[in-house]
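Q: Encoded as structure tokens, here's the structure I'll be asking about.
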Amino acid sequence: IYAGLGQTEKAMQAYDDALRVSPRYAEPLNARGQLHLNAKNHDAAIADFTSALSVLPNWATPYQNRGRAYVEIELFDKALADLNQAIQLDPKYSSAISARAGLYARFNNQEAAYLDFERLLALQPQK
């Protein structure tokens, strides 16, 4: 709730409190990682996403989030690997598909970017 209200310090404290009670609780690890990522604290974000994945290795969201963190610090091979894993786990994960398409476009892999953008269009509900 606090994160959604922009109360980052209270949100961080709530996640820390939850993790003191249950250190292997993947959801607050992922959420705290997002706060770190928003604050450009990439090492802490990556550590939290990695910890979340050690608890729930088949959860696509921390892979996508860690991939975003890797993009921001220009570790593009790691970013692509994480985005691919997120999409493998959840083939309809539009945020991961979009991030991967952007990464492909950034490196002039236009064919792969095009395929991902087509995939995104196919996921949109028909009106």
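The values are calculated or read from the model by the stated rules, or taken from the named source; none is laboratory data. Since the structure is predicted, the reported quantities are computational estimates derived from the model, not experimental observations. Every residue, glycine as well, gets a Cβ built from its backbone with ideal geometry; the counts of neighbours run over all protein chains shown. With ligands, DNA and RNA removed, areas are computed over all heavy atoms of the protein, side chains included. Shrake-Rupley method; radii C 1.70, N 1.55, O 1.52, S 1.80 Å.
Q: Output the qualifying pairs, or none if there are none: Cβ atoms under 9 angstrom, residues six or more apart or on different chains, first residue in region 95-108 and surrounded by 14 or more Cβ atoms within 10 Å (Cβ to Cβ), second residue in a loop (DSSP other than H, G, I, E, B) and modelled with pLDDT of 95 or more.
A: Ala96/Asp90; Ile97/Pro91; Leu103/Asn109
Q: Of all residues in region 9-68, how many are aliphatic (A, V, I, L, M), modelled with pLDDT under 95 and not in a helix (DSSP H, G or I)?
A: 1
Q: Based on this model, can you work out whether Ala11 counts as farther than 30 Å from Gln124 by Cβ and surrounded by fewer than 19 Cβ atoms within 10 Å (Cβ to Cβ)?
A: no
Every residue, every condition in (1) of a type in the set (Ser, Thr, Tyr); (2) more than 11 Å from the chain's Cα centre (by Cα), yes or no:
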| residue | (1), (2) |
| --- | --- |
| Asn41 | no, yes |
| Ala44 | no, yes |
| Ser54 | yes, yes |
| Ala96 | no, no |
| Leu103 | no, yes |
| Asn109 | no, yes |
| Asp116 | no, yes |
| Arg119 | no, yes |
| Gln124 | no, yes |
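Q: Here's a check for you: in region 19-75, which residue that is within 19 Å of Ile87 (Cα to Cα) and of a type in the set (Lys, Arg) is most open to solvent (accessible area, probe 1.4 Å)?
A: Arg68
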